[in-house]
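Worksheet: the structure to be examined is printed underneath.
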Amino acid sequence: MFDSHVHAGPDVLDRIGDDHDISNMYSAADFSGFVLKAHYESTVGRAHAAARATGKAVYGGLALNQHCEGVNPSAVAAALGAGGRVIWMPTADAHTQHTADLPRLCQHEPRIGNRTYAIPPVNTKATEATETVLALIADHDAVLATGHLSGDECRWLSERARHYGINRLMFTHPSYTVPGLQPDAIRTLVASGGYAEITTYQLLHQPGCTPAMLARAAEAAGDRLILSSDAGQPTSPPPPEALMLLIDTLSAEGLDRRWLEAAASTTPESLFAPN
């Protein structure tokens, strides 16, 4: 198994363990590796250290939130130049996150101000910076993840990713509260290229989420499905257990287990692994 979305401490939010603890959990479960994500710092160096310590395939990247001034080509160039494998478009500071009243750093520290980020077509003023970021991702053959941006922004990113020759595109949990896309919209997105993610966090923590709803989203993704835990919260199971719980739950909905296991192993690992 390979978990393409996990959180660990140190972080601005409470986590079930630090990088060492999380790495040991995956090693004990015989996972081949994982992708370490943080909303408010680069995980490139942390992932490198975890990979060296465990011998596993551990990848990091950068989420484009307020700590790096949002869609910032300089921050992206630094992260990718240091070996980052993924750039997440705005997540916790996306405009959608604010509208949905989901957790953000500025809620804990109001002195930093309430800044949100959007890209075209929502914010055309961000076109130049976003285009430069996409060109950098293409140059480094890295993964472009859509973060918590809206459906319209995801569609724009999909179109521009094709323009720049980006071959690694992941629609970040499109059926989650943000962006909140329905199966038909997910089906359309993956048909134009890219993979659609479903997470255990949705199953356990998303208001109104049901196994049946996630099963319909998985069916819409088809062979472009990625399953991940998005775990690391004290209120979630250990990440390896969380990912297996998602597979078990979707299998109980009548979905093919071999397909689900591939979506949590070979499919994401091939997406993130460098050539």
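The values are calculated or read from the model by the stated rules, or taken from the named source; none is laboratory data. The structure presented is a predicted model; accordingly, all values stated were derived computationally and were not measured. With ideal geometry, Cβ positions are generated from the backbone for all residues, glycine too; neighbour counts draw on all protein chains shown. These accessible areas exclude ligands, DNA and RNA; they are computed on the full protein's heavy atoms, side chains included. Shrake-Rupley method; radii C 1.70, N 1.55, O 1.52, S 1.80 Å.
Mind listing whichever residues of the range 236-266 are under 17 Å from the mean Cα position of the chain (by Cα), more than 12 Å from residue 218 (Cβ to Cβ) and part of a helix (DSSP H, G or I)?
239, 240, 242, 243, 266 - these are the residues of the range 236-266 that are under 17 Å from the mean Cα position of the chain (by Cα), more than 12 Å from residue 218 (Cβ to Cβ) and part of a helix (DSSP H, G or I).
Does the range 165-182 include one or more residues that are over 20 Å from residue 35 (Cβ atoms), assigned to a helix (DSSP H, G or I) and modelled with pLDDT of 95 or more?
Checking the range 165-182: not a single residue is over 20 Å from residue 35 (Cβ atoms), assigned to a helix (DSSP H, G or I) and modelled with pLDDT of 95 or more.
All but one of (1) at pLDDT below 95; (2) open to solvent by 50 Å² or more (accessible area, probe 1.4 Å); (3) on the phi > 0 side of the Ramachandran plot; (4) not aromatic (Phe, Trp, Tyr) hold for residue 113; state the number of the condition that does not hold.
So residue 113 meets the others, but not (2).
Only one residue in 78, 100 is open to solvent by 10 Å² or more (accessible area, probe 1.4 Å) and farther than 26 Å from residue 234 by Cβ. Which one?
Selected residue: 78, the only one of 78, 100 that is open to solvent by 10 Å² or more (accessible area, probe 1.4 Å) and farther than 26 Å from residue 234 by Cβ.
Residues 200, 177, 210, 188: which one is touching a Ser or Thr at 6+ places or on another chain (Cβ under 9 Å) and open to solvent by 20 Å² or more (accessible area, probe 1.4 Å)?
Working: 200 fails: open to solvent by 20 Å² or more (accessible area, probe 1.4 Å); 210 fails: touching a Ser or Thr at 6+ places or on another chain (Cβ under 9 Å); 188 fails: touching a Ser or Thr at 6+ places or on another chain (Cβ under 9 Å).
When all the criteria are applied, what remains is 177.
Just for the range 13-36: of the residues that are of a type outside the set (Ser, Thr, Tyr) and touching a strand residue (DSSP E or B) at 6+ places or on another chain (Cβ under 6 Å), which one is surrounded by the fewest Cβ atoms within 10 Å (Cβ to Cβ)? Before you say what the answer is, go through the steps one by one.
Of all residues in the range 13-36, those of a type outside the set (Ser, Thr, Tyr) come to 13-22, 24-25, 28-31, 33-36.
From the residues that got through so far, the ones that are touching a strand residue (DSSP E or B) at 6+ places or on another chain (Cβ under 6 Å) too are 15, 18, 33-35.
Values: 15: 21, 18: 13, 33: 24, 34: 33, 35: 26.
Filtering the range 13-36 for residues that are of a type outside the set (Ser, Thr, Tyr) and touching a strand residue (DSSP E or B) at 6+ places or on another chain (Cβ under 6 Å), the one surrounded by the fewest Cβ atoms within 10 Å (Cβ to Cβ) comes out as 18.
Filter the range 161-174 down to the residues that are buried (at least 19 other Cβ atoms within 10 Å of the Cβ) and within 14 Å of residue 131 (Cα to Cα) and list them by number. Can you show your working first?
Within the range 161-174, the subset buried (at least 19 other Cβ atoms within 10 Å of the Cβ) is 161, 166, 168-174.
Across the range 161-174, the qualifying residues are 161, 166.
Is the range 219-233 home to any residue that is in a loop (DSSP other than H, G, I, E, B), open to solvent by less than 10 Å² (accessible area, probe 1.4 Å) and over 18 Å from residue 169 (Cβ atoms)? Reasoning before the result, please.
Step one: of the range 219-233, the residues in a loop (DSSP other than H, G, I, E, B) are 229-230, 232-233.
Checking the rest, the ones that are also open to solvent by less than 10 Å² (accessible area, probe 1.4 Å) come to 229, 232.
So of that shortlist, the ones also over 18 Å from residue 169 (Cβ atoms) come out as 229, 232.
There is at least one residue in the range 219-233 that is in a loop (DSSP other than H, G, I, E, B), open to solvent by less than 10 Å² (accessible area, probe 1.4 Å) and over 18 Å from residue 169 (Cβ atoms).
Consider residue 120 against the criteria (1) touching a residue at least 40 places away in the same chain (Cβ under 8 Å); (2) open to solvent by less than 30 Å² (accessible area, probe 1.4 Å): it satisfies all of them except one. Which criterion is unmet?
Condition (1) is where residue 120 drops out.
Scan the range 2-12 for residues that are of a type in the set (Asp, Glu), surrounded by 19 or more Cβ atoms within 10 Å (Cβ to Cβ) and in a loop (DSSP other than H, G, I, E, B) and jot them down. Please lay out each step first, then the result.
Residues of the range 2-12 of a type in the set (Asp, Glu): 3, 11.
Imposing the further condition that a residue be surrounded by 19 or more Cβ atoms within 10 Å (Cβ to Cβ) reduces the set to 3.
Passing the criteria: none in range.
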